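The values are calculated or read from the model by the stated rules, or taken from the named source; none is laboratory data. Treat the numbers as computed from the prediction; the structure is a model and nothing was measured. We place every Cβ from the backbone using ideal geometry, glycine too, and count neighbours over all the protein chains shown.
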Ligand code: BTN
């Protein structure tokens, strides 16, 4: 794995994205930074991380024949890779929250931001951005956020975690999706936050509704069993899981 270490940058996703304009980098090139000045989160939010105490990094992966409709496959692999890397540390109640978070109980410890470079309807390159809260102890003004050190009471080696996550990413992203995607999807569902439990959601019109998460569809939509016993698929913009 080619590792580019930066002490500071705006965003490792942005850095890697601009780097691939001019250079042909190998798969699984990683850009890691101690500090991000403009860390990007989902839906235009920002990602805040204490300098030097956490992992903020981006991984490059090229694809040949993955269409835009199949992009959630990448997301499933990334979530499972992080989950698998963290599982040996016995993080309490470790879960994958659809679509982009890793939680311990109700606290977020990791966020994922995948940015794709397209060519027509195909994903040519994915920039897989991962922010993992590792040794940070203070999350003032950020409710429901935690770190491995807060949860487990010990300091973690950042590079060791980085190599573990990227190692698992290589394995998951090289599975044969034609044959094994449903197995990956089942593993993902096994670890899904609030699966099978009565949960409250907010729809795009900001209305609250109740339902039970049943899983994810092959295209990555969240399957929710509604109170009237109808199973409905929701995409990212259509639903937010509250609790
Ligand atoms: C989220 O939960 O909103 C996604 C957060 C993703 C943060 C990571 S940190 C490394 C990479 N570079 C960025 O600017 N963002 C991602």
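List of remarks:
- Any hit, region 2-22, residues being buried (at least 16 other Cβ atoms within 10 Å of the Cβ), in the same structural domain as residue 170 (by TED's automatic domain parsing) and more than 14 Å from the ligand (Cβ to nearest atom): yes
- For region 28-39, filtering for residues that are within 9 Å of the ligand (Cβ to nearest atom) and buried (at least 20 other Cβ atoms within 10 Å of the Cβ) leaves 5.
- Filtered residue count, region 225-241, keeping only those that are within 12 Å of residue 98 (Cα to Cα) and within 18 Å of the chain's Cα centre (by Cα): 5
- The residues in region 40-58 that are buried (at least 18 other Cβ atoms within 10 Å of the Cβ) and either more than 15 Å from the chain's Cα centre (by Cα) or farther than 20 Å from residue 75 by Cα (or both) can be counted, and the count is 3.
- Filter result for residue 90 (out of contact with any strand residue (DSSP E or B) (no Cβ under 7 Å at 6 or more places or on another chain), more than 10 Å from the ligand (Cβ to nearest atom) and either over 15 Å from residue 112 (Cα atoms) or touching a residue at least 12 places away in the same chain (Cβ under 8 Å) (or both)): yes
- As a summary of the residue check, residue 61 satisfies the conditions (1) surrounded by fewer than 19 Cβ atoms within 10 Å (Cβ to Cβ); (2) within 15 Å of the ligand (Cβ to nearest atom); (3) touching a residue at least 24 places away in the same chain (Cβ under 8 Å) except for the one numbered (1).
- Boolean, residue 152 is farther than 26 Å from residue 235 by Cβ, crowded, with 19+ Cβ neighbours inside 10 Å, away from the ligand (no atom under 14 Å from the Cβ) and at pLDDT 95 or above: no
- Among the conditions (1) more than 11 Å from the chain's Cα centre (by Cα); (2) surrounded by fewer than 22 Cβ atoms within 10 Å (Cβ to Cβ); (3) within 16 Å of the ligand (Cβ to nearest atom), the only one that residue 75 does not satisfy is (1).
- Test: residue in region 39-46 that is assigned by TED's automatic domain parsing to the domain that holds residue 77, more than 21 Å from residue 100 (Cβ to Cβ) and in contact (Cβ under 8 Å) with a residue 12 or more places away in the chain: no
- Of all residues in region 108-124, one or more are within 13 Å of the ligand (Cβ to nearest atom), at pLDDT 95 or above and more than 18 Å from residue 59 (Cβ to Cβ).
- Any hit, region 138-155, residues being under 17 Å from residue 84 (Cα atoms), assigned to a loop (DSSP other than H, G, I, E, B) and under 18 Å from the mean Cα position of the chain (by Cα): yes
- For region 41-54, a residue qualifies if it is within 8 Å of the ligand (Cβ to nearest atom) and closer than 15 Å to residue 148 by Cβ, and exactly one does: 49.
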